[in-house]
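Let me begin by presenting the structure, written as structure tokens, before commenting on it.
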Amino acid sequence: MPQPTSSLPLRPRPGFVARPVVVTGLAGLLALVAMALVTDAEVLAALVLAAPLTALTLFQARRARQEADRLRAELAQTHVEVAEGALSLPYTSVLNALPDPVMVISAHEPDDLTGRRFVMVNRAGRRVLKIQREAGLLVTAIRDPDVLEVVDEALFGGLEGEAVYEPGGMQERIFRVYARPLGAAGDGSRLALLVLHDETDIRRVERMRADFLANASHELRTPLASLSGFIETLRGHARGDELARDRFLGIMHVQAERMSRLIDDLMSLSRIELNEHVRPLQDVDLSAAVLDVIDALAPLARDKGVTLEAEAPPRGEVTITGDRDQVIQVAQNLVDNALKYSERGGRIRILLETGLAAEACVAPRMEPAARLSLLTPDHGPERYATLSVIDAGPGMQREHLPRLTERFYRVEGQKSGEKLGTGLGLAIVKHIMNRHRGGLSVESRPGAGTVFTAYFPLAETGAAPAPDNFYDVAKLS
């Protein structure tokens, strides 16, 4: 059967069916005239003369009925193909080229809640909603009550509507959903158009602005108050006191540096959150990135009298898919955090493993200890490379673990002295790992230290497990 080139109803060619009707009418009229004018003896001759014309008329009428039946069958098949989502070019190509998810919804009865089906979905819709077929039950793709409500209004109320849809999962996405009625299909079902427009970036910008103002105003208040107080003192009775002036200027310098670090971390966190839903696609040598971080922090470790031990495959052996600058930021924040809480003469182990399943990434590395997964990715068939930073610091009680990645959270009793920080390092690590579709876990025991483990999905070129003897141990003291 020939395929239609559009979903518009097919019509017979003008005049095709009309000709046999006209001919039939003329033949009948001639026959009646002949029968009225001739005698009984001539009736048979008149009928004989009209027989060929009548036979031709009947043949053409049968052909017209066959052509009409064929056109009706093609029209019905067109409705079936539209109902099954088999739109022909150019409509399929146009819909698949759209960046927004588009669906056509079909339903027969308002009371049949399980009868809502998507009969067509474009390529973007299949990718966003994680469906493989172009037709199926709507509730298998979208279960949000607000979205289903606007779909019903479009199907059976003929009303346009919109709603906000959040698919859920580890990667936050926010869509504005538009529902438009399409009327009735050939099989009697009702049709509606559903379009999902991604508003994730807009919402993230709004949230980033609000969070930045709230966090900055809260955290900058203390150093600003300190600076203002010392400035007033220096302008007053300490104006001529050189010792007091030098001491106050030193404190002001420390507070100014703290403000600078805080602003840098807030801006870094805001940038990461803004693009958190966009997965990086670069190939990154994880071993090289980690070893570069260790080389950079080695002088600081020597000054504190702390030994860094790196157990990692050689450079080029572990390749992940990610953003190299952010991967370095993760390693640097974790190692710097361990250095901050390590005592002189302590030891920090940086362990890099590859080719692990998700369950092996969160296996215990400290026994006994309290363990918690701070970020768990949507597990698939991926293999991971893990970065574990193990210190012998004071450790933490179990109740502190769930809040470690909150902004500005600090464990009680660790807020002063040389351990000053912005309180944003672990929050930055968590958001970077979320962008990389990875995970983050922590283990800690008071008086025994802490283990942070970050794990990244391996790139396809680096998915093979490493041999048993892949470790190169380097001690930097």
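The values are calculated or read from the model by the stated rules, or taken from the named source; none is laboratory data. Being a predicted model, the structure only gives us computed values, none of them experimental. Backbone-built Cβ (ideal geometry, glycine too); neighbour counts: all protein chains shown.
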Just a yes or no: is a residue in region 203-218 in a helix (DSSP H, G or I), surrounded by 15 or more Cβ atoms within 10 Å (Cβ to Cβ) and out of contact with any helix residue (DSSP H, G or I) (no Cβ under 8 Å at 6 or more places or on another chain)?
yes
Mind checking which residues of region 310-333 are within 12 Å of HIS436 (Cα to Cα), outside any strand (DSSP E or B) and of a type in the set (A, V, I, L, M)?
VAL327, VAL330
Which count do you get for residues in region 118-148 that are under 18 Å from THR200 (Cα atoms) and crowded, with 20+ Cβ neighbours inside 10 Å?
3
Determine which member of the set GLY161, GLY115 is at pLDDT 90 or above, among the small types (Gly, Ala, Ser), surrounded by 14 or more Cβ atoms within 10 Å (Cβ to Cβ) and out of contact with any Pro (no Cβ under 8 Å at 6 or more places or on another chain).
GLY161
Only one of (1) among the hydrophobic types (A, V, I, L, M, F, W, C); (2) touching a residue at least 40 places away in the same chain (Cβ under 8 Å); (3) closer than 22 Å to TYR91 by Cα fails for VAL177. Which number is that?
(2)
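Determine whether SER270 is crowded, with 17+ Cβ neighbours inside 10 Å, outside the structural domain of TYR384 (by TED's automatic domain parsing) and outside any loop (DSSP other than H, G, I, E, B).
Working: crowded, with 17+ Cβ neighbours inside 10 Å: yes; outside the structural domain of TYR384 (by TED's automatic domain parsing): yes; outside any loop (DSSP other than H, G, I, E, B): yes.
Spelling it out, SER270 is indeed crowded, with 17+ Cβ neighbours inside 10 Å, outside the structural domain of TYR384 (by TED's automatic domain parsing) and outside any loop (DSSP other than H, G, I, E, B).
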Out of (1) outside any helix (DSSP H, G or I); (2) assigned by TED's automatic domain parsing to the domain that holds ALA459, the odd one out for ARG239 is which?
(2)
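Condition check ((1) surrounded by 19 or more Cβ atoms within 10 Å (Cβ to Cβ); (2) of a type in the set (Asp, Glu); (3) under 22 Å from the mean Cα position of the chain (by Cα)) across all residues:
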{"site": "GLU257", "(1), (2), (3)": "no, yes, no"}
{"site": "ASP264", "(1), (2), (3)": "no, yes, no"}
{"site": "ARG279", "(1), (2), (3)": "no, no, yes"}
{"site": "SER287", "(1), (2), (3)": "yes, no, no"}
{"site": "PRO299", "(1), (2), (3)": "no, no, no"}
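In region 151-187, what count of residues is obtained for those that are of a type in the set (Val, Ile, Thr) and under 17 Å from VAL121 (Cβ atoms)? I'd like the intermediate steps shown before the answer.
Taking region 151-187 and keeping what is of a type in the set (Val, Ile, Thr), we get 151, 164, 174, 177.
The next check asks that each one be under 17 Å from VAL121 (Cβ atoms); those that pass are 151, 177.
Selection size over region 151-187: 2.
Do we find that LEU227 is among the hydrophobic types (A, V, I, L, M, F, W, C), under 21 Å from ARG123 (Cα atoms) and touching a residue at least 12 places away in the same chain (Cβ under 8 Å) in this structure? Show your work before the answer.
Values: among the hydrophobic types (A, V, I, L, M, F, W, C): yes; under 21 Å from ARG123 (Cα atoms): no; touching a residue at least 12 places away in the same chain (Cβ under 8 Å): yes.
Here the answer is no, as LEU227 does not meet what is asked.
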